[in-house]
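Here is the structure we will look at.
The values are calculated or read from the model by the stated rules, or taken from the named source; none is laboratory data. Small disclaimer: the values here were computed from a predicted structure and weren't measured. Neighbour counts are summed over all protein chains in view; Cβ atoms, including those assigned to glycine, are modelled from backbone coordinates with ideal geometry.
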Amino acid sequence: MICRPALTRGSQLALRRQGAAKLAPRGFAAVASPSASYEPTTIAGVKVASRDDNGPTTRLAIVAKAGTRYEPAPGLTNTEKRSALRITRESELLGGQLSAYHTREALVLQANFLREDLPYFTELLAEVLSQTRYTTHEYHEEVEQVIRLKQAKVDAAAMALDAAHSVAFHTGLGEPLYPTPSTPISSYLNEHAVAAFAEAAYTKDTIAVVADGASQTGLSKWIEPFFKPVPAQSPSPLTTSASKYHGGEQRIPKIGGNAMVIAFPGAALGANQPEISVLVGLLGGESGIKWSPGFSLLSNATAANPGATAKAANFAYSDAGLLAIQIKGAAPAVRKVAEEAVKALKRVAEGGVSQENLAKAIAKAKFNLLSASEVTGTGMVHAGANLIHGGQPLQVAETVKALEGVTGDKLKAAAKTLLEGKASVAAVGDLHVLPFAEDLGLKVYSRIRNSATKSPSCQTAKMTFAWKAAGLTYNRYLAVAARVVRRSLKEDKRLAAERRGQQELRFAKWTNGKQGEVKNLAEANAQAAVESAATGELADLGLGQPLDAGPHFNAFDEPPPPPRISSEGVVAVDITQQFLSATSSLEPGELVKDGYFTLFESVGALEVMDPKMDSGCLAPGESLDEEYDVTRPLLPGEVVGIIDQLLSLETLFTSVYIERMLHPPPSNIQEADFIRGRPSDAPRNPMLGALRAYCLGLLKSCSFVNQRIKGEHYYEEEDFVTNTYHRSLLENLDLYEIRDEIMAARKIIHDLRSTLTEEMAHALGFRLELRTAFLRAIELSQLRSNPDSLSLPWSHMQEVLETINKTRHLGESVPEAFSTKIQRRLASTMPPRPIVQPSPEETHKRFKKLIVDGINVPKALNYIDSQTLLNFVLTFQSQKPQPLVYIRALLQNFLFQDMVILGRLSIRQVLDDDLSTIVLPCSILLNPANDAVEAPHHPRYAIAHQMELFRQRAAQSYLDIFRTFCQNRCRVRRTLYHMLQDWETVQIDAEEVDQLLQAQIEEKPIIYPPSTGVPSYSLPLSSWAYHYKLRLMEWTVQLGFELDIYQPDELAGMYWYLGYLAKCHVQHAERIKFFTKQRVEADANNKTNNVNKTTAVQYTRCKSYLYVTILEAAITSELAEALCNLYAALSRLGLITAPPRPYSTDALRYEVRMKPFAPIGLPELPSFEAFTRQVTQPDTPTAELLESAARAAADAKGGLEVVGKMSESEAFAVGCHDRWVKGIKDWIKAAIAAGVAIGTVKRAVANGKEKGLRVEVPPAEKGYHQWWVVPKVTEKR
């Protein structure tokens, strides 16, 4: 973006040689003693700072007041630094290095070079400021792409630091250093915005020139002439507001990293706060001694908790600072280190720092200061930032002296001040593990002060929400509030104690102000009293008294005096008349709103005391907690009954045994027990031991299943709920330990078989064996190899399940071992979920389906070709009922894990295999030898390059087809809508690549007979894309029938459109077949190309695939035409009528129904008039319409019979041939049923008895095939 003159600039180079000072020689023993501080001055309106160490190299930087704090739109600072420094060739010839980066307050352009080249690089950086050109093509081709890559590379630690700045400062310094993946940069950035930002940023009053290794005299000589074109100031300068510290908490979920930042107000640039620097040195984090944690508090915390790293730093800015403790690593380790860090800071605030450690911390702070001053990049930026913000460069000697004056009391006071104020806490990663600020004992909000006991000067204390005032989380606040209300309405033994003031919390009701507004307590009381009198009867309906009704009490003070009790019971008051009277004064549409009664609180109020919504609602005489005794001995039949109920339930969080095992979280296998603290040598009840072993296996299985599903593409709540409500599913326990516990329990059961009876021992043993087999199946599924071995555990489970089903009668129900009360202790704001208890038959059917699918899904690993793999996925996912979400996630894992298809194939291999199967058998375009050609002008080099570009463009779209069909059927159809747009673009891009390849392979156009006689090219890549686009459109329409999307009166039109798409598909496949045959024959006739065995095999496979494709598309077209004509005839006869739709028209409904297909250019969507004419066929008699339908149904049936006889290799259905054949047989049944219905209507029309017909359109699921909705036509009796 910078236009530079020629490299050989004689006059300038001569000037450089003349003006450069000759470098004085230095011996090895010579000692340089330059000043550590920069010398500031102003030259021609430009702020300049320099220091000279008499070395052979120089660092020169321009520091502009244009960091992220000043950017008017997100991402501008990043764009500027990417587009400004594009000159490299001249610099490299001179041995220089150019770089650009930015901070939150500054944009830095830096050059490192030999000392004698100072004039050249001074001029170069000055030209960057004044002569840069921001071109459109460079912005879109280079800058924008780099910014998007930078967005995608933001890691957890950087996100956490940005989040901490955001909650600490909100705007300005709170802006992210780099745009996050969610930042909509395209909405703000373009080359014009970049140019405007540079115009405002690069002015003399907003920049500073800093040099390290150059004398003030030498630098001054070149600043004035070279910086003369830089404008003095901008007409639209960059502005920002003064920084204000707020504090708060932000939590961001992220996969692929965990980080936390705990921050407090720090020291600003130039601020006299040496205690902060010493505190940073004391906290430390990175030991300076290898193999030793050192003395710093954070390094000792990380040494005790491996898996995490931590460090402390003070981020100093012009008007603010942020002291931050940064932690990253595994989520459990991050949590522990964060807890230890806060504890360490509290010890400092309590004066628990020894004099020795204080001395070490001061020495470390001095070292950090001096080393930062010596580090050229850091020192130069700090010096420049001070200058552009009106200050002076750091005076090192004075700062060192201040550090030496820090005492233990000063450090204690500084730490105490930080902890008493508001913290800024950011957590990024696994939020189920990473702690909240309150878990660490930190405050992120202010508390209420007691204005009744404070002096008048203290009565200006600000009022916040009651839950913040009480130091609670909002969820905890709602739980406590609900409990207080609930208890106050109950006749309980605790009622008298609660009326004496022993409630857990008191609340104040605010009736004025806006939500979240900070209010003065005394003013609020007075205002509340005034509004109470002004609003009349309506104000009397409040649930609480005004704040001025008596003395004010704080949630942390002693409770108020007990009120007078007139009755031990509940007194009911009829407020109906008051309510009616108050509401009668309101105008229609008038809304009375309490600014502090939020929507969340209003919904919460509705939920309180509603057993369906309030998990804490207690029935009369009911206790709050579950009182079931998990230590009581169990009978063998009871253990079988509990295991069978656990097997049947849809949730873990209703079992008392499971809850006792999980809470508190066990740290080892011994603690994973119903009875905590049990001596290891104490005997265990054998039945409780068997139940414990089963629960261990169950929880570990659920943990693995949950992790597998969360690791793949799925839709929360649609398919599966992965929320564990802060309950650990034994993730920290080793699988082999759990397996050993199960085996030990099985051995005990086996030894007791004479006591238990043989049948009971088998019943318990097989239930434990089911868990072992399931864990083994999950463990093996990670291998993605040897499908037969992966299926063995599932086959074993199938045998075990049948045995379990035969012994269900041995179980005895223990309903008290399951309770919804457990949900009261879960970290959830959702309403209580009822216990769903499927019948034993339903449970057996569901597990049988799971196991059968588990046996079949590894067969996908037997790769034959791409179309066989696609047919496997299509037939597997179209089963009814559909495979469970875990099996679908397992299939995704087999297909896509680590972007290695089926564990052994690259994406290119599968994509090239698909191209050769459909359009390019034995083609030079797919020859791997093209990649070995390195000559840029060789045609094969160009072919390899263009094909690789096409693969990169089409690969994701192609793989999305497989991933989409691994979702639930509703989501499949919805996703196909979006994929159509993508494949439309793929086809357009493929056409461009086809045109480029035509010249490289010297393709000659030929005449395709069905066309107009104009020669045309084969266009293989765009033909491939068009083929898949047509398939997506057909699948979309067909899934509409399967999901009962269309109304009966719409079926004729949608079947016509399906037939229209199928006919287009037939024509396109015929064209592919023609051009493929012509190319292969031409290659065979060419003497230089011998047709080998591989070529023959690929061409035979391509012909077979096109034959099957043409046949299936023709059958679809015929059967769709038959049903279209049948439904059109039924509509004419009045046997199918449209329901009344007063708010829509046929044209509008057609527009909405066809909206996904409207943007598609080919095949073009017919107009509504053409569509209506084709569907209704007004010029065709009904009898002829039915005759045409009968012929089409018969032709479809004949074609299906041919397809049904194909072998698994001919049908591309190896590994799924049985499912494929079943689908074809269902098609045949649908075609026969359509023929029968058509014949019935034909006879009735011929005999004039059409009025005596009855038509029923069954749901798709009750038909022979879910894509073919055949009406049932009968004669009335």
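Tabulated results
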{"item": "Condition check for SER667: in a loop (DSSP other than H, G, I, E, B) and more than 30 Å from THR975 (Cα to Cα)", "result": "yes"}
{"item": "Hits in the stretch 215-255 - residues which are aliphatic (A, V, I, L, M) and touching a strand residue (DSSP E or B) at 6+ places or on another chain (Cβ under 7 Å)", "result": "LEU219, ILE223, ILE252"}
{"item": "Criterion: at pLDDT below 95, in a helix (DSSP H, G or I) and either buried (at least 17 other Cβ atoms within 10 Å of the Cβ) or of a type in the set (D, E, K, R) (or both) - qualifying residue of ALA942, ALA929", "result": "ALA942"}
{"item": "Candidates ILE1136, ILE1160, filtered to the one that is under 39 Å from the mean Cα position of the chain (by Cα) and of a type in the set (Val, Ile, Thr)", "result": "ILE1160"}
{"item": "Tally, over the stretch 854-865, of residues that are in a helix (DSSP H, G or I) and either β-branched (Val, Ile, Thr) or out of contact with any Phe, Trp or Tyr (no Cβ under 8 Å at 6 or more places or on another chain) (or both)", "result": "2"}
{"item": "Condition check for ALA1194: within 22 Å of TYR1046 (Cβ to Cβ), surrounded by 12 or more Cβ atoms within 10 Å (Cβ to Cβ), touching a helix residue (DSSP H, G or I) at 6+ places or on another chain (Cβ under 9 Å) and modelled with pLDDT of 95 or more", "result": "no"}
{"item": "Qualifying helices (runs of 4 or more DSSP H) (wholly inside the stretch 343-443; at least 2 residues being outside the structural domain of THR103 (by TED's automatic domain parsing) and under 24 Å from ARG59 (Cα atoms))", "result": "355-374, 376-388, 396-404"}
{"item": "Cross-chain or 6+ apart pairs with Cβ under 9 Å, the stretch 162-183 first and at positive phi, then in a loop (DSSP other than H, G, I, E, B) and at pLDDT 80 or above", "result": "HIS170/LYS244; HIS170/HIS246; GLY172/ARG104; GLY172/ALA242; GLY172/SER243; GLY172/LYS244; GLY172/ALA320"}
{"item": "Those residues of the stretch 1011-1039 which are within 14 Å of GLN1078 (Cβ to Cβ) and not aliphatic (A, V, I, L, M), in sequence order", "result": "SER1011, PRO1015, SER1016, TYR1017, SER1018, PRO1020, SER1023"}
{"item": "Test: TYR1060 is buried (at least 23 other Cβ atoms within 10 Å of the Cβ) and among the hydroxyl-bearing types (Ser, Thr, Tyr)", "result": "no"}
{"item": "Number of the condition not met by GLY1013 [criteria: (1) under 20 Å from LEU870 (Cβ atoms); (2) part of a loop (DSSP other than H, G, I, E, B)]", "result": "(1)"}
{"item": "Filtered residue count, the stretch 1194-1249, keeping only those that are of a type in the set (Gly, Ala, Ser) and part of a loop (DSSP other than H, G, I, E, B)", "result": "6"}
{"item": "Hits in the stretch 689-739 - residues which are of a type in the set (Ser, Thr, Tyr) and within 21 Å of THR654 (Cβ to Cβ)", "result": "TYR694, SER701, SER703, THR722, THR724, TYR725, SER728"}
{"item": "Per-region count, the stretch 1153-1181, residues among the hydrophobic types (A, V, I, L, M, F, W, C), surrounded by 11 or more Cβ atoms within 10 Å (Cβ to Cβ) and part of a helix (DSSP H, G or I)", "result": "4"}
{"item": "SER703 vs. criteria over 16 Å from VAL639 (Cβ atoms), assigned to a helix (DSSP H, G or I) and modelled with pLDDT of 90 or more", "result": "yes"}
{"item": "Any hit, the stretch 1136-1143, residues being buried (at least 19 other Cβ atoms within 10 Å of the Cβ), in contact (Cβ under 8 Å) with a residue 60 or more places away in the chain, assigned by TED's automatic domain parsing to the domain that holds GLY1198 and part of a helix (DSSP H, G or I)", "result": "no"}
{"item": "Failed condition for ALA208, given (1) closer than 30 Å to HIS713 by Cα; (2) small (Gly, Ala, Ser); (3) over 35 Å from the mean Cα position of the chain (by Cα)", "result": "(1)"}
{"item": "Residue match in the stretch 1021-1030 (condition: crowded, with 18+ Cβ neighbours inside 10 Å, in contact with a Cys (Cβ under 7 Å, 6 or more places away or on another chain), within 29 Å of TYR958 (Cα to Cα) and not aliphatic (A, V, I, L, M))", "result": "no"}
{"item": "Tabulated pairs, the stretch 421-447, first over 14 Å from LYS343 (Cα atoms), second outside any loop (DSSP other than H, G, I, E, B) and modelled with pLDDT under 85, C-beta under 7 angstrom, 6+ apart or interchain", "result": "TYR445/LYS468; SER446/LYS462; ARG447/ALA469"}
{"item": "Criterion: out of contact with any strand residue (DSSP E or B) (no Cβ under 7 Å at 6 or more places or on another chain) and in contact (Cβ under 8 Å) with a residue 40 or more places away in the chain - qualifying residue of ILE918, ILE887, ILE907", "result": "ILE918"}
